[in-house]
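Q: The following block contains the structure, expressed as structure tokens.
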């Protein structure tokens, strides 16, 4: 059975609605990445240096990341030499397969679900640079967790940015969960401490902690984050159960630096990729999976409350290669 | 994923070819590949890179590079020049309407930093004795209006809002009326973040524009944006006819290639750059310095400028004279430390130095500097001038006086002695370097190409690099 057929069968098992969300949200990425590769292959027929160079550009243009692209291209060159491939069309399945392998990143068995367990207080800490959508993601996740029957509490740990607390409160109101807050300028660790106490006494299932956006090269601000982390660690054994780095999918190569630095100082356990709909370049997902040992757990695929979706590599690949798969399925039959 | 600077990449490319005797077209091609990779790694859009590389190559294959004794550096020079030109030469200013108020519209994607930048721009205008009005035109994001109100309070500028139930078009219209009545000369309209492919919201922006007739439409772009920056800028420009760009979050460690992409597709100047969390951290954008940054050569000019603002030249000259004679006292140390701290947080300063961006682990503990200051200040004047006096009982007294321990005092004195030794070597070395660089035309190797061109000397020797702070 061909690779794509297997994948397609796997997708069929999944809910139609989710598949559609992925397919719609990733339209742009698909156009940029897959569409261009196909066009390139049609145009070139024979494989030569220019072909590789253009392929390189397409991949980089989707923010796949220079390092990953170089590795990929080198591997392809090897394959071409080994298998004596001359026709560009023959290279396509190999390329698709390689991309999929990169996406699954040897971590296909890795769980993308959240590390939360019923019957205990679970703490999720959200970190990231400015303007990636931390507060919005918390709002959406609170909605999702509440739908699943959890008792949720929000902690307004962004005490720096003007009106960040109010923004979280609006989300709290929409979703119908309480928000623990201090005033602007307060010590975020103190807010988190209070929120933990409140969560304990109210018998909350999941506590979602917002933090101020900070650029990863600001040592002092990263220290502040470390303090928040320590407070959580001290107050609840095993906490924080998840530290989610929120990444803006429009970010370029700097996403790597963010993931690395936050990974070191805040013990990131997973990534939420926001703004993946519309303009976004899903390529960064490939780079992250290839170059870093961090799973992408959730993706933001739209502006609505229920547009936060668990990341599913299979869905992602399916959405990207939908066209390719149909072609292959046809020729296979 | 080490970001090698382009300078060092080129150097190694040419080192490999050194044995061949002659530098030919193939060598240039090799170098161009490095240029291309460096730009791509800096997030410059690949189409922009392609055009750029073609242009540089044309010049590089010309005589000036091949005949040069140091082709590697020549290539960097050409790249830097072309890059600066592409970035658009001069510092651009914000528009002033013939008849006030000047209307400025802020547009961009979600999370680019429009609202914060609006606040910063108000502060910037106030410093120039302008009276800005902030207009809360983001009626969609929760608490965006409140955010602008808080910012307005912080910079003490009036904020115009009609709540989140009135259309942005109407808000803009009334705001301008309001500004006219109250004799405010700048109207800064904040708008909601939107995707450039969202037709409904883009239409709304066009309507706001038609009503407000802005003198400036500024696209706010996150400096960390990847390849998509081109599409964003292109479509905002097509639909709204931008007049300029503001680059935000440039204080991060991104190389900011987006700047180049945005400039290349819109043709509009980048007018400001957001350089920090504080409200006075909006700075005029210097294209030439951005060129150096994209190439990974550090922002030496900004550093020098900062130093000039903060440093007392007379004092520095005197200090340099003393140092050349091998003198170095605690007083001098204290002086230079205080001057250095006037420049701002040490990390920011180090970030601007070429080569320093690699030293990620370098952590500067500002508190530690405070303790050092206390130690020096607990010494008597005689002790400060004459470190040899410091025997055990004096050290004990100093520790008590500064609230530190004898161990800390000892450690500091040891560091100080080492610094003194180093200083001697350094001043000696600097003299030699100067002579050498005159001959070769290029300066300190770690400064890349720019050092040779920098008028370091004319700008005065008052650069307080002549000490090493006690890093932990």
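Q: Over region B:175-278, calculate the relative contact order: mean separation of alpha carbon pairs under 8 Å at least 6 apart, over the residue count, as a percent.
A: Value for region B:175-278: 24 percent.
Q: Taking the Cα-to-Cβ direction at residue A:85 and at residue A:190 and moving 7 Å from each Cα, how far apart do the two end points lie in nm?
A: 6.2
Q: For the pair residue B:154 and residue B:422, what calculated FRET efficiency results from E = 1/(1 + (r/R0)^6), where r is the Cβ-Cβ distance and R0 = 41 Å, to the nearest 0.05?
A: 0.40
Q: How much length, in nm to one decimal, is gained on full extension between residue B:81 and residue B:391, taken as 0.36 nm per residue of separation minus their Cα-Cα distance?
A: Additional length available on full extension: 105.9 nm.
Q: Using a cut-off of under 19 Å, list every residue of region A:188-213 whose amide N is near the label point 7 Å from the Cα of residue A:113 along the Cα-to-beta-carbon line.
A: A:205-207
Q: I'd like the orientation of helix A:254-266 relative to chain A: the angle between its Cα long axis and the longest Cα principal axis, in ° from 0 to 90, rounded to 10.
A: 40
Q: Calculate the FRET efficiency for residue A:201 and residue A:233 from the Cβ-Cβ distance with a Förster distance of 30 Å, rounded to the nearest 0.05.
A: After rounding to 0.05, the efficiency reads 0.95.
Q: For labels at residue A:45 and residue B:165 in the simple 7 Å Cα→Cβ model, what's the distance in nm?
A: 6.8
Q: Related question: Applying a 10 Å radius around every beta-carbon, put A:89-95, A:48-54 in order of their mean neighbour count, most first.
A: A:89-95, A:48-54
Q: Note down the nm distance, to one decimal, between modelled labels 7 Å out along Cα→Cβ at residue A:305 and at residue A:174.
A: Each label point lies 7 Å from its Cα, and together they span 0.8 nm.
Q: On a 0 to 90 degree scale, rounded to 10, what angle separates helix A:3-12 from the longest Cα axis of chain A?
A: The angle comes out near 40 degrees.
Q: By how many degrees, between 0 and 90 and to the nearest 10, does the Cα long axis of helix A:219-235 differ from the longest principal axis of chain A?
A: Roughly 70 degrees between the two axes.
Q: While we're on this one: Taking the beta-carbon count within 10 Å as an exposure proxy, list B:225, A:135, A:19 from fewest neighbours to most.
A: A:19, A:135, B:225
Q: Round to the nearest 0.05 the FRET efficiency obtained for residue A:78 and residue A:20 when R0 = 25 Å and r is the Cβ-Cβ distance.
A: It comes out at approximately 0.10.
Q: Working out 0.36 nm times the residue gap between residue A:98 and residue A:38, then minus their Cα-Cα distance, what length gain in nm do you get to one decimal?
A: Contour length minus Cα-Cα distance gives 20.1 nm.
Coordinate-derived values only; no laboratory data. Keep in mind the model is a prediction, meaning the values are calculated, not measured. All Cβ positions, even for glycine, are placed from backbone atoms using ideal geometry, and neighbour counts span all protein chains on display.
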